[in-house]
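Have a look at this one.
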Amino acid sequence: MNIAIITACPSGVANSIIAAGLLEQASKTLGWTAHIECQPELIVKPPLTAQQIEQADVVVIATNTVIDTTRFVDKKVYQGDLSACFNDTQKWLEEAVHQATLLTQENATSKNTHSSIATDSGSKKIVAITACPTGVAHTFMAAEALQETGKKLGHQIKVETRGSVGAKNQLTEQDIADADLVIIAADIEVPLDRFAGKRLYKTSTGLALKKTEQEFSKAFEQAQPYQAGQKSPSSTSNNEEKSGVYKHLMTGVSHMLPLVVAGGLCIALSFVFGIEAFKQEGTLAAALMTIGGGSAFALMIPVLAGFIAFSIADRPGLAPGLIGGMLASSTGAGFIGGILAGFIAGYAAKLIAEKLNLPQSMEALKPILIIPLLASLFTGLVMIYIVGGPVSSIMSAMTDFLNNMGSANAVLLGVILGCMMCFDLGGPINKAAYTFGVGLLASQTYAPMAAVMAAGMIPPLGLGLATFLARNKFEANEREAGKAATVLGLCFITEGAIPFAAKDPMRVIPCCMAGGALTGALSMLFGAKLMAPHGGLFVLLIPNAITPALLYLVAIIAGTVVTGVSYAFLKNRAEMKAVIA
């Protein structure tokens, strides 16, 4: 039999791809020829050709969103719910082919038809943006959650993702003009001027992912027209106002990360020629160290401070923040001084912008001359005469303590960092530990960063192992999620564990924290050092980026086994109780 299969979910990032793989495998088992189209809205996949549709005996559509079926008129078609095909896919596919009926022009649907029906029934056109500090996991998971929930509620929604590779599925001027509501689910500041005059609601990626329907309700209730240049719409909730400091900090961290990664890897490459080879002037090792340590790492703290200030005060805050960060670096105040400089510069620039009233003829000078000058003077003087000295002493003492601490203190610090990385799986506590590790790289303190990255890999790796060890205790879609989590874990994307934690937090999180604590402790005990703060085990491909590499792997394997075995055991015991009951 020759069949055509279409899978579709709102984003095409997870469920539609998993379903396509399962249905393709089931088709092979049945001895059928299958041509598969995976319909996304966030990524591009090739559609079925006209010839493939013509040759198909049956068209099978597995979807939880509206798709255009007009091209299948006069073909035998079966359309079912996407999630239903995850359990016993082969049986589902056989029944789908058996139940397929001829599709007539009257029964065919198109997106345009659906849109007009939705509009007539009071549904809204919504545009959204998602963005997280690293731009890897929460950005796309929140986008998918918004897509699925929005369409389930009968709304038309388009989501622009601002991830690590830039903006994707970008909103056009027409999209924005037609929108009834704008939702910004972001943990960093994103440009909002193009939404001037539109009703806008701001939330976090975490809330958009975990409490999606609640956020839609709040968006319709609290959204208010956004004015160009306005930092926070008046619709902003109390919770968001409290998290403003975190958002500003994460904006700085997200812009600093590329410098840290590039700089760390350049330093690691210089060590390929010998640990002290860079000391010989004119050599390639010296050039690599100049690029990594002398340039990239030198820019870390100014960029951190500059974009914290930018998040608070927009462009007028950038110059004072960069200057304050440079002073923090030159005075030895380190990343703590850089964070303080960013907030001082940002709030100083914002205060001047709001309180300084000038004649209309001079207003144009405020953002390019007056605010940068006054805010830079204020920030610079505070950093030199007030903040720099004390914070420099604190940083020096902390660096000496970390570099000279005994094994007991090292293990304790590793346990704390490991637990923090695994507690909220990419949330504020996880990011606080990560920022601590990254910040210390500027002080040539590499051990905490190694413990942070190793522990951050444990939740997805451990839960992926659990789905393998207790395979019969997990549903088919959970086993597929376990495979995906394993890959994400190898890449140091802790958020790969979120689907498991959302279903069973009381067991998943303690198991993850146990494994993360062990890994963090072992990493610190072994004296592991990490030059680049991202990339997971793939950083091992760079010589000397992780040392000692073998013991570092031992620490990760030990934590993975603890998390995987403990969760497999607890899940078994929970199901046995349910059966006995």
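Looking only at residues that are surrounded by 21 or more Cβ atoms within 10 Å (Cβ to Cβ) and in contact with a Leu (Cβ under 9 Å, 6 or more places away or on another chain) in the stretch 142-157, which one is farthest from Leu209 (Cα to Cα)?
Among residues in the stretch 142-157 that are surrounded by 21 or more Cβ atoms within 10 Å (Cβ to Cβ) and in contact with a Leu (Cβ under 9 Å, 6 or more places away or on another chain), the one farthest from Leu209 (Cα to Cα) is Ile157.
Test Gly439 against the criterion of being over 22 Å from Ala485 (Cα atoms) and under 20 Å from the mean Cα position of the chain (by Cα), and give yes or no.
yes
Condition check: in a strand (DSSP E or B) and either within 30 Å of Ala167 (Cα to Cα) or at pLDDT 90 or above (or both). Does Glu41 satisfy that?
On the way: in a strand (DSSP E or B): no; either within 30 Å of Ala167 (Cα to Cα) or at pLDDT 90 or above (or both): yes.
It is false that Glu41 is in a strand (DSSP E or B) and either within 30 Å of Ala167 (Cα to Cα) or at pLDDT 90 or above (or both).
Right, another one. Scan the stretch 346-362 and tell me whether some residue there is closer than 27 Å to Leu413 by Cα and at pLDDT 90 or above.
Applying the first criterion (closer than 27 Å to Leu413 by Cα) to the stretch 346-362 yields none.
No, there is no match, as no residue in the stretch 346-362 is closer than 27 Å to Leu413 by Cα and at pLDDT 90 or above.
Do we have any residue at all in the stretch 382-394 that's open to solvent by 10 Å² or more (accessible area, probe 1.4 Å) and touching a strand residue (DSSP E or B) at 6+ places or on another chain (Cβ under 8 Å)?
For the stretch 382-394, residues open to solvent by 10 Å² or more (accessible area, probe 1.4 Å) and touching a strand residue (DSSP E or B) at 6+ places or on another chain (Cβ under 8 Å): absent.
Does the stretch 529-545 hold any residues that are assigned to a helix (DSSP H, G or I) and surrounded by fewer than 18 Cβ atoms within 10 Å (Cβ to Cβ), and which are they? Outline the logic, then answer.
If we filter the stretch 529-545 for residues that are assigned to a helix (DSSP H, G or I), which is where we start, we get 536-541.
Listed by number, the residues that qualify are Phe538, Leu540, Leu541.
Regarding Leu570, is this residue more than 30 Å from Asn87 (Cα to Cα), open to solvent by 30 Å² or more (accessible area, probe 1.4 Å) and in a helix (DSSP H, G or I)?
Numbers: more than 30 Å from Asn87 (Cα to Cα): no; open to solvent by 30 Å² or more (accessible area, probe 1.4 Å): yes; in a helix (DSSP H, G or I): yes.
It is false that Leu570 is more than 30 Å from Asn87 (Cα to Cα), open to solvent by 30 Å² or more (accessible area, probe 1.4 Å) and in a helix (DSSP H, G or I).
A further question follows. Would you be able to tell me the number of residues in the stretch 426-456 that are open to solvent by 10 Å² or more (accessible area, probe 1.4 Å) and of a type in the set (A, V, I, L, M)?
The qualifying residues number 4.
Could you please give the count of residues in the stretch 177-204 that are more than 15 Å from Gln227 (Cβ to Cβ) and either more than 24 Å from the chain's Cα centre (by Cα) or not charged (D, E, K, R) (or both)? Please lay out each step first, then the result.
Step one: of the stretch 177-204, the residues more than 15 Å from Gln227 (Cβ to Cβ) are 177-181, 183, 185-190, 203-204.
Of the ones still in play, those that are also either more than 24 Å from the chain's Cα centre (by Cα) or not charged (D, E, K, R) (or both) are 177-181, 183, 185-186, 188, 190, 203-204.
Number satisfying all stated conditions: 12.
Please go through (1) under 26 Å from Val415 (Cβ atoms); (2) surrounded by fewer than 18 Cβ atoms within 10 Å (Cβ to Cβ) for Glu475 and return the number of the only condition it doesn't satisfy.
With respect to (1) under 26 Å from Val415 (Cβ atoms); (2) surrounded by fewer than 18 Cβ atoms within 10 Å (Cβ to Cβ), Glu475 is out only on (1).
Which residue is modelled with the highest pLDDT, if the candidates are limited to the stretch 256-286 and must be outside any helix (DSSP H, G or I) and open to solvent by less than 50 Å² (accessible area, probe 1.4 Å)? Outline the logic, then answer.
First, pick out the residues of the stretch 256-286 that are outside any helix (DSSP H, G or I): 274-276, 280-283.
From the residues that got through so far, the ones that are open to solvent by less than 50 Å² (accessible area, probe 1.4 Å) too are 274, 283.
Values: Gly274: 75, Thr283: 91.
Ranking the candidates gives Thr283 first.
Which ones in the stretch 51-70 are at pLDDT 85 or above and among the aliphatic types (A, V, I, L, M)?
Across the stretch 51-70, the qualifying residues are Ile53, Ala56, Val58, Val59, Val60, Ile61, Ala62.
Here is a follow-up. Going through the stretch 402-454 one residue at a time, which ones are assigned to a helix (DSSP H, G or I) and in contact with a Ser or Thr (Cβ under 7 Å, 6 or more places away or on another chain)?
Let us first name the residues in the stretch 402-454 that are assigned to a helix (DSSP H, G or I), namely 402-404, 407-423, 428-441, 447-454.
Within the stretch 402-454, Leu402, Asn403, Gly414, Gly418, Met421, Asn430, Ala450, Ala451, Ala454 meet the criteria.
So the check is Cβ under 6 Å with 6+ separation or different chains; which pairs have a first residue in the stretch 290-304 that's more than 10 Å from Met256 (Cα to Cα) and a second one that's not acidic (Asp, Glu)?
So the pair list comes out as Ile291/Cys266; Gly292/Gly263; Gly292/Cys266; Gly292/Ile267; Gly293/Ile267.
Still on this model: As an exercise: evaluate Thr69 against (1) open to solvent by less than 30 Å² (accessible area, probe 1.4 Å); (2) within 21 Å of Glu106 (Cα to Cα); (3) in contact with a strand residue (DSSP E or B) (Cβ under 6 Å, 6 or more places away or on another chain) and give the number of the one condition it does not meet.
Thr69 satisfies every listed condition except (3).
Could you say which residue among Gly482, Gly496, Gly489 is closer than 22 Å to Phe140 by Cβ, open to solvent by less than 30 Å² (accessible area, probe 1.4 Å) and touching a Ser or Thr at 6+ places or on another chain (Cβ under 7 Å)? Break it down stepwise before answering.
Values: Gly496 fails: touching a Ser or Thr at 6+ places or on another chain (Cβ under 7 Å); Gly489 fails: touching a Ser or Thr at 6+ places or on another chain (Cβ under 7 Å).
That would be Gly482, the only listed residue that is closer than 22 Å to Phe140 by Cβ, open to solvent by less than 30 Å² (accessible area, probe 1.4 Å) and touching a Ser or Thr at 6+ places or on another chain (Cβ under 7 Å).
Still on this model: Find the residue count for the stretch 187-197, including only residues that are free of Cβ contacts under 8 Å to residues at least 60 places away in the same chain and either buried (at least 18 other Cβ atoms within 10 Å of the Cβ) or in contact with a Ser or Thr (Cβ under 8 Å, 6 or more places away or on another chain) (or both).
Taking the stretch 187-197 first, the residues free of Cβ contacts under 8 Å to residues at least 60 places away in the same chain are 191-197.
Now restrict to residues that are either buried (at least 18 other Cβ atoms within 10 Å of the Cβ) or in contact with a Ser or Thr (Cβ under 8 Å, 6 or more places away or on another chain) (or both): 192, 195.
So the answer is 2.
Out of curiosity, is Leu23 at pLDDT below 90 and closer than 22 Å to Leu102 by Cβ? Give the steps one after another, and end with the answer.
Details: at pLDDT below 90: yes; closer than 22 Å to Leu102 by Cβ: yes.
So Leu23 passes the test.
Follow-up question, since we're still on this one. Go through the stretch 341-381 and count every residue that is among the acidic types (Asp, Glu), open to solvent by 70 Å² or more (accessible area, probe 1.4 Å) and not in a helix (DSSP H, G or I).
Residues meeting the conditions: 0.
Still on this structure, please answer the following. If we scan the stretch 223-236, do we find a residue that is open to solvent by 30 Å² or more (accessible area, probe 1.4 Å), on the phi > 0 side of the Ramachandran plot, at pLDDT below 85 and in a loop (DSSP other than H, G, I, E, B)? Steps first, answer last, please.
Applying the first criterion (open to solvent by 30 Å² or more (accessible area, probe 1.4 Å)) to the stretch 223-236 yields 224-225, 227-232, 234.
Going one step further and asking which of them are on the phi > 0 side of the Ramachandran plot, we end up with 229.
With the extra rule that they be at pLDDT below 85, the set shrinks to 229.
Next cut, in a loop (DSSP other than H, G, I, E, B) only: 229.
The answer is yes; a qualifying residue exists.
What number of residues in the stretch 49-66 are farther than 14 Å from Asn2 by Cα and open to solvent by less than 60 Å² (accessible area, probe 1.4 Å)?
Number satisfying all stated conditions: 5.
The values are calculated or read from the model by the stated rules, or taken from the named source; none is laboratory data. Quantities reported herein were computed from a predicted structural model and do not represent experimental measurements. Because the Cβ atoms are built from the backbone with ideal geometry, glycine has one as well, and the counts that use them run over all protein chains shown. Quick note on the areas: whole protein, heavy atoms, side chains included, nothing else; ligands and nucleic acids left out. Shrake-Rupley method; radii C 1.70, N 1.55, O 1.52, S 1.80 Å.
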